[in-house]
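Read the structure below first, then the notes.
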Amino acid sequence: MNAAAKQALLDEHSAAVVLARAARNALGPAYVEWEPESVWVELDRQGVDVPETNRAKLMVATSLALVPSFYWDGLVFEKAAIAMDDRVPNPDALEDASPAQLAWAVVDAGWVLKDLDERVPEWQHEPRGYAGVSLLRAGFVLAPHELSFAQEMLDRTRHHTHLLDEVSEKWALLQKLSTGDLADLELEETPLDVQIARLVAVELHVRERRAAAEVRLAGLGK
């Protein structure tokens, strides 16, 4: 195992796509069909005791490669989002995944599949509903673009058409800003700017995670 793969597997902030590629480089592509314990034993033999957070993320990536129920099972969607945000999910409890966590999970999951040259499935009812409820509880009127598949569900429960139009128009312009400019954006306590602040928080979270993953992937190669 090369140093880049070892570092990626040990870094508890590594994205699922990074862990999947590192494992593939270390173990070969057939590792996705192994029992989890066999994966950990072989990686340990190569000098890597994979942290629990990364074990959870790597199992998410493996599941995506075999049966991508992330795209149709609401509970899987929730647990995967928790894991991809560097937390070990509790299989016996309901855990509310935030819009930012869901947005990053959508990006990371799609990346895992594209890295394997696999098709990204269409979103089905349960994840759409889960994301819609998460956005509703967090007070969004416009879904972040990663969660746009939940906009229809969100629109059924919110009736702020005028505000939605204003937010959509302003956000279309602000999304083009650099990360630094977006982070330094000065916003007021108006209904419009409160919505923009929520979208900015999600956007910055996704950009930060994506940038870190790109650096790791560049070091790993193909």
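Would you please put 214-221, 172-179, 192-199 in order of how densely packed they are, using the mean number of other Cβ atoms within 10 angstrom per residue and starting with the highest?
On the way: 214-221: 14.4, 172-179: 11.1, 192-199: 18.1.
Taking the mean over residues of other Cβ atoms within 10 Å, the ranking is 192-199, 214-221, 172-179.
Its Cα centre serving as origin, the chain has a Cβ charge dipole (Lys and Arg +1, Asp and Glu -1) of approximately 540 debye.
Normalised by the number of residues in the chain, the mean separation of alpha-carbon contacts (under 8 Å, six or more apart) gives a relative contact order of 21 percent. One equal scatterer on each Cα of the chain, no solvent, Debye formula: the resulting log10 I(q)/I(0) at q = 0.10, 0.12 Å⁻¹ is -0.48, -0.67. With one equal scatterer per alpha carbon and no solvent term, the Debye-computed log10 I(q)/I(0) for segment 1-64 at 0.22 1/Å reads -0.80. Here segment 202-219 and segment 44-102 have alpha carbon centers that stand 18 Å from each other.
Bear in mind these aren't lab numbers, they're just calculated from the coordinates by the rules spelled out. Predicted model, so just to flag it, every value in this text is computed and none were measured. Backbone-built Cβ (ideal geometry, glycine too); neighbour counts: all protein chains shown.
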